[in-house]
Structures are given as C-alpha cells and as structure tokens.
Amino acid sequence: MKAQQREELLQTLQERFDKHKERHQDLDWDKVLERLTGKTAKLKALHEMERTGGEPDVVGHDPKTGEYLFIDCSAESPSGRRSLCFDREALEARKKHKPENCALDVAAEIGIEILTEAQYRDLQQLGVFDAKTSSWIATPDEIRKRGGALFCDYRYGAVFTYHNGADSYYGARGFRGLLRV
C-alpha cells in the first residue's frame, strides 16, 4: 500500500470513528491508531474492506488481547462483495451460472472473518444494517454438511436468520467481515 493510500484510509477511518461515536463509546482514536501503526497486513485488509464498500469502523475492544474490532458498518451488505455463493465447495458444485467467487474465499483473500450470528446481532444494536440486503454468516458444520448455509437481514424491526442452499447467490446478498487489530 502506498503512503498516500494509507494516509487517505486512516483519514477516512478517523472521520468515520468521529462521526459514529455510538459504535465505540469510551474508545480513543489515538490508541486505535497506535495499534494500527506498522501493521501492513491489517491496513491492507481495512483498505480492501473499504474498497469493496464495507465502510469498516471500530465496534469494540478486547481487553484480554488488546485488539480493536473493526466490522463492516455499511448500511447495506458491502456492494463489492455480493452475488457470491457461500464457500468453495458450493461454488464448485454449481453446474450452470457460477458466480465469480464465494464469500469465504473472498473473506480469506481480504484477511477478515465472516461474521457469526452473534456478531451480526451485536452489530444490529449499533444501528440498522441490511434493511434492503442480506449477508451470509458463519454456518455450523452440521448445516453446511447438508448443503445449507445461513444468512441474516433486518426487517420489521428485527434480525432474521434464514437458510439457503450454500450454492445460491443473489445480487442483494453479500457478507460482512470482522478484522481484529
């Protein structure tokens, strides 16, 4: 990442941090910035989260590890990470009309974790997300072994968790990621 890109990213992140204090009460941007300093891979991951429409923001701090938690806080599922089936197995199983990629591979390429259902529900406590879209979430092995995968959205003032075939994909379904810094 070039120095100018890094500075622009850090400025964007700080502006978002300042604008949305409700997401990270009692956290200090200078401490977040200190934690980011020199972490090239983490900055690259944040850049990819931003570039693909995720609008990452700090949503928490783990006092045990000292890590800050960045999650995609775009109002809708990140636009650059939609139309993906769930995982590589599902992608390879499709006979026709394969999407370009799958959510778990894209997450791994970026260097982020796909949200769990609990993390998704926690995110919804900070605002309204996915009121028009939906997001794949981490799926238990027992469901995945049977060909399914889980996704969530926010409708009617509530978070809903659904299932679909892992090989399905939709223009309005992407995934949200978590990065620990």
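A few remarks follow.
- Highest average packing first - 167-173, 47-53, Cβ atoms within 10 Å: 47-53, 167-173
- Euclidean distance between Cα centres, the stretch 62-87 to the stretch 105-181, Å: 9 Å
- Pairs from the table (2/145; 96/145; 19/39) lying more than 32 angstrom apart at Cα are 2/145.
- For the chain, the ratio of Cα radius of gyration to the globular rule of thumb 2.2 N^0.38 Å stands at 1.03.
- Relative protection proxy for 150-158, 94-102, from highest mean packing down: 150-158, 94-102 (other beta-carbon atoms within 10 angstrom).
- For residue 116, the shell of other residues with beta-carbons less than 11 Å away shows a net charge of -1, using +1 for Lys and Arg and -1 for Asp and Glu.
- Here the contact order of the stretch 1-102, divided by its residue count and restricted to Cα pairs under 8 Å and six or more residues apart, works out to 19 percent.
- Gain upon complete extension [residue 93, residue 161; 0.36 nm per residue less C-alpha separation]: 22.1 nm
- Largest mean-square fluctuation among 36, 13, 84, in a Gaussian network model of the chain whose springs join Cα atoms under 10 Å apart, belongs to 36.
- The length gained by stretching the chain between residue 108 and residue 65 to full extension, at 0.36 nm per residue less their Cα-Cα distance, is 13.3 nm.
- Residue 20/residue 100 FRET efficiency (R0 41 Å; Cβ-Cβ; nearest 0.05): 0.85
- Each Lys and Arg Cβ is given +1 and each Asp and Glu Cβ -1; about its Cα centre, the chain then shows a dipole of about 560 debye.
- A full extension of the chain between residue 83 and residue 30 corresponds to an added length of 15.4 nm, given 0.36 nm per residue minus the alpha carbon distance.
- Residue-normalised accessible area of the stretch 32-181, expressed per residue, 1.4 Å probe, Å²: 49 Å²
- Rolling a 1.4 Å probe over the protein heavy atoms of the chain, with every protein chain left in place, gives an accessible area that is 48 percent carbon and sulfur.
- Dividing the mean sequence gap of close Cα pairs (under 8 Å, 6+ apart) by how many residues the chain holds gives a relative contact order of 24 percent.
- Only lysines eight or more places from residue 21 in sequence, or on another chain, were considered; those with a Cα closer than 16 Å are 31.
The values are calculated or read from the model by the stated rules, or taken from the named source; none is laboratory data. Only a predicted model underlies this, so the values are computations on that prediction, with no experimental measurement involved. For neighbour counting, all protein chains shown are included, and Cβ atoms are generated from backbone atoms with ideal geometry for every residue, glycine included. All accessible areas refer to the heavy atoms of the entire protein, side chains included, with ligands and DNA or RNA removed. Shrake-Rupley method; radii C 1.70, N 1.55, O 1.52, S 1.80 Å.
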